[in-house]
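Structure, as structure tokens:
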Amino acid sequence: DELDADNARHFTVTVLDKLPVLLVNGAPSAVPYLNETFFLELALGAPAAGGKTVSPVQTKTVTPAEFLNQRLDDYGCVVLANVPAPTELWMDRLRRYVLGGGGLIIFAGDHVDSPAYNAAFAGSQEEVLLPALLGEVRDSTESGAEGGFRIRRLDRQHPVFLSLAEAIDTHAARVKRFLATTPHGEGRGAALADLDAGPLFLEKKAGAGTVILCTSAADLDWSNLAARSFFLPVLHQMVYYVSRSATRGHSVTVGMPYSLELPPSDAPVEVKVFGPQQQSPTGAAASPGAEREGEEEPLAVLAADADEGAHKVTFRRTRRPGIYRAVYTIGNQEHRHLFAVNVESRESELDRIEPQEAQRVLGAPNSKVVPDPQRLASLVRREREGLPLWNHLFVLAILLAVAESFVGNAVLKH
């Protein structure tokens, strides 16, 4: 059509040097190798010779008390390692993060209280994060499994294991303890790996995010998984699989407000929002960072408001499609955030609709929908010239004349 604005789509891509992953250590220790996250940090960091790291993952380890000070949108996924039951505020942030597209990996352990976890991670059917309800601890010595439970099955077609299927040797893997699980209202999540006595890895899609539950621990207390050669590549694949999309939430429709969550700050924060740049004569837009923001007037200057422990600004003047820029300074560091504004995409849906639906979408009381194009000419002619009545009246006059003759000759004569 003649509307140029819907001939292009705008999007932003955040390119990271390393994928940021937040590890929550539920059992800290002064002895490094006794930390619950010791093997997770070692595997995800993948240190090479000379102290250099070749891993594309960058981890940050915090305690449960420090979790609330973290801005979850800065991380590709969150890993809970033997974390006690979260508080309500703790859980509210985590639920919003996962439902919005974040990834979550949960490792069990002796600090995990199953009933408290089931209650904390519960919610409406759309907000349940646990792939299954947690039950009691299953011990291999009490179950008669000599040497520990064995891995009986792997879903080798799943993206986590697909590229590693032939290299994974589970014969030497042993699990001494794990948490039994039972299905909740939505059923049990998909099992990625099963032990002799129950699931080991379970997956669940929650909103736009993904949750993977490991029913055993991340250290060597409950199993020897962390000491197996496949632990490092499987953990990496798991992190890549659940990690959130870099473009999640960075696009809105023209006319819709865009909310930006800012890092915590004790001082007031001022956010300047700049609109889409003018196109060059060739039709290509310049790079969003090509000019200095100081040389143009911002569309809006917003002050951050505190909302449930987070600082947010909401920009409402999204009147034109394109790439918008939000620039703000916290401390001595300047931050730049890009987001896209696009026109409504429903026009691009080419599936046929029923005439009744087309009539409803048009919304005009005098509109007409023609299912058959062959009838269009006759319909237009009738709409312009009206319905001709002379032929009908002529036939009616002949019928009246015949009827009059019949009545005069056959009825009135008698």
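The values are calculated or read from the model by the stated rules, or taken from the named source; none is laboratory data. Keep in mind it's a predicted model, so treat the numbers as computed, not measured. Neighbour counts are summed over all protein chains in view; Cβ atoms, including those assigned to glycine, are modelled from backbone coordinates with ideal geometry. Side chains are part of the model used for accessible areas, which takes the heavy atoms of the whole protein and leaves out ligands, DNA and RNA. Shrake-Rupley method; radii C 1.70, N 1.55, O 1.52, S 1.80 Å.
What the table below lists for this structure:
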| read-out | value |
| --- | --- |
| Carbon + sulfur, % of accessible area of the chain - ligands and nucleic acids excluded, 1.4 Å | 53 |
| Segment 27-163, Rg to Rh (Cα coordinates; Rh as Kirkwood inverse mean 1/r) | 0.98 |
| Rounded to 5, the percent of DSSP beta bridges in segment 1-88 classed as antiparallel | 10 |
| Spatial separation of Cα centroids for segment 33-84 and segment 309-369, in angstrom | 36 |
| Most mobile of N69, N391, N118 in a GNM of the chain (Cα contacts under 10 Å) | N391 |
| Linear extension gain, F11 paired with E270, 0.36 nm per residue minus alpha-carbon span | 90.8 nm |
| Per-peptide average of other Cβ atoms within 10 Å, ordering 323-333, 25-35, 368-378, 199-209 highest first | 199-209, 323-333, 25-35, 368-378 |
| Listed residues A43, A364, A218, most fluctuating in the chain (Gaussian network, C-alpha, under 10 Å) | A364 |
| Relative contact order (%) - segment 91-150, alpha-carbon pairs under 8 angstrom, separation at least six | 25 |
| Ellipticity estimate at 222 nm from DSSP helix runs (n ≥ 4, -39,500 (n - 2.57)) divided over the chain, nearest 500 | -5500 deg cm²/dmol |
| Length released on extending from D196 to V327, taking residue separation times 0.36 nm less the Cα-Cα span | 41.7 nm |
| Anisotropy class of segment 153-245 from Cα gyration tensor, a/c 1.5 cut | oblate |
| Nearest-ten-degree value, helix 376-385 long axis tilted from longest Cα axis of the chain | 50 |
| Set of lysines near K52 by C-alpha distance (under 26 Å), chain-local residues within fewer than 8 positions excluded | K18, K60 |
| DSSP beta bridges in the chain [antiparallel fraction, %, rounded to 5] | 65 |
| Cα-based shape type of segment 148-205, given that a ≥ b ≥ c are square roots of the gyration tensor eigenvalues and the cut on a/c is 1.5 | oblate |
| Relative contact order of the chain, defined on C-alpha pairs under 8 angstrom at six or more residues apart (%) | 15 |
| 13 Å beta-carbon shell around Q58, net charge (K/R +1, D/E -1) | -1 |
| Whole-Å distance, taken between Cα centres, linking segment 254-269 and segment 172-239 | 37 |
| Length released on extending from K60 to R375, taking residue separation times 0.36 nm less the Cα-Cα span | 106.5 nm |
